[in-house]
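See structure below.
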Amino acid sequence: MFTGCSSNDGEPPADNSAPRQQNEARVANENDSRERELTPDQLKAAIGRVILSEGDIGHDTEVQNQDDSLDVPTNDVCGKQGRSDGDRLARNQDFFWKGARNPDLVVSNEAVAYKPGKGEAALEEIKKAVEDCDGWKHDEGQIKDIEVVDAPKGALEGSFAWRGTDDRKEADYSYIAVYQRNGDLLSAIYVWSTDKDQLDEVAEDLTVKAAQRLERALN
């Protein structure tokens, strides 16, 4: 018998509302679990599930150095330290590049855990810092030509990205930073490349991988 046809024997149609209500309740419970606040210890422990590994980065790069100090700023746009840096519970940042003296590709991934309820404000602070910054000099050159752009395809909803150029003594790089957040966990992808096509390819690849790790980190 086709679903929706009336019964020939006069019996009332079956009530299918119970399974539907149970399914809706299950989905609601899953959403509640995703949105619940994790404890500081849970957020700290999730850092290891957010940070990308050398195998994730690929593109013939190798890990060169790592840092997990809270003394190093996350929001260092325009060479300034953001207020939200004081709300961090833990961070891990790894740097990858090819072995050449002047590499044509450099990648960094930073994973940050913020105090419960502080992750959204941290991302908003980063957005404002970029919008208010025209560029800045650093020890090895100068960041300039800053513009806010759409995050690469595959980024989590609400993600934020910006482009610029990093003119250094040894090479001129195109640059992109992509920030993604899941609750109070943040993953930032930073990519430098002397080839803009390579920059876009690597940024999209790693954005998708970072999004997947963020989503799994809270499960």
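The values are calculated or read from the model by the stated rules, or taken from the named source; none is laboratory data. The model shown is predicted, which means the values in this text are computed figures rather than measured ones. Cβ atoms come from the backbone with ideal geometry, glycine included; neighbour counts cover every protein chain shown.
Just to be sure before I move on: is K144 without any contact (Cβ under 8 Å) to a residue 12 or more places away in the chain and either surrounded by fewer than 16 Cβ atoms within 10 Å (Cβ to Cβ) or assigned to a strand (DSSP E or B) (or both) in the structure I sent? Give the derivation first.
On the way: without any contact (Cβ under 8 Å) to a residue 12 or more places away in the chain: no; either surrounded by fewer than 16 Cβ atoms within 10 Å (Cβ to Cβ) or assigned to a strand (DSSP E or B) (or both): yes.
Criteria not met by K144.
Give A155, A188 a once-over and let me know the one that is assigned to a strand (DSSP E or B) and in contact (Cβ under 8 Å) with a residue 24 or more places away in the chain. It would help to see each step written out before you state the result.
Details: A155 fails: assigned to a strand (DSSP E or B).
That would be A188, the only listed residue that is assigned to a strand (DSSP E or B) and in contact (Cβ under 8 Å) with a residue 24 or more places away in the chain.
If you check A90 against the conditions, is it of a type in the set (G, A, S) and either at pLDDT below 90 or under 17 Å from K209 (Cα atoms) (or both)? Walk me through how you get there before you give the answer.
On the way: of a type in the set (G, A, S): yes; either at pLDDT below 90 or under 17 Å from K209 (Cα atoms) (or both): no.
So A90 fails the test.
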Inset, instruction - Scan A111, A122 and give me the residue that is more than 22 Å from T165 (Cβ to Cβ), in a strand (DSSP E or B), among the small types (G, A, S) and touching a residue at least 40 places away in the same chain (Cβ under 8 Å). - result: A111
Legend entry - Every pair of residues 6+ apart whose Cβ atoms lie under 7 Å, when the first sits in the stretch 58-70 and is outside any loop (DSSP other than H, G, I, E, B) while the second is exposed (fewer than 13 other Cβ atoms within 10 Å of the Cβ): E62/E54; E62/G99; V63/E54
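When the residues of the stretch 185-202 are filtered to those that are more than 11 Å from the chain's Cα centre (by Cα) and either among the aromatic types (F, W, Y) or buried (at least 19 other Cβ atoms within 10 Å of the Cβ) (or both), which remaining residue is nearest to D87 (Cα to Cα)?
Step one: of the stretch 185-202, the residues more than 11 Å from the chain's Cα centre (by Cα) are 191-202.
Those left that are additionally either among the aromatic types (F, W, Y) or buried (at least 19 other Cβ atoms within 10 Å of the Cβ) (or both): 191-193, 199, 202.
Values: V191: 25, W192: 28, S193: 31, L199: 31, V202: 30 Å.
Here the residue is V191.
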Inset, instruction - Can you give me the number of residues within the stretch 158-184 that are more than 16 Å from the chain's Cα centre (by Cα), charged (D, E, K, R) and not in a strand (DSSP E or B)? - result: 2
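Would you confirm whether any residue within the stretch 46-54 is of a type in the set (K, R) and modelled with pLDDT of 90 or more?
Filtering the stretch 46-54 down to residues of a type in the set (K, R) leaves 49.
Imposing the further condition that a residue be modelled with pLDDT of 90 or more reduces the set to 49.
Yes, that holds for at least one residue.
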Inset, instruction - Can you work out which of the residues in the stretch 37-57 that are under 27 Å from K115 (Cα atoms), touching a residue at least 24 places away in the same chain (Cβ under 8 Å) and among the hydrophobic types (A, V, I, L, M, F, W, C) is surrounded by the fewest Cβ atoms within 10 Å (Cβ to Cβ)? - result: L38
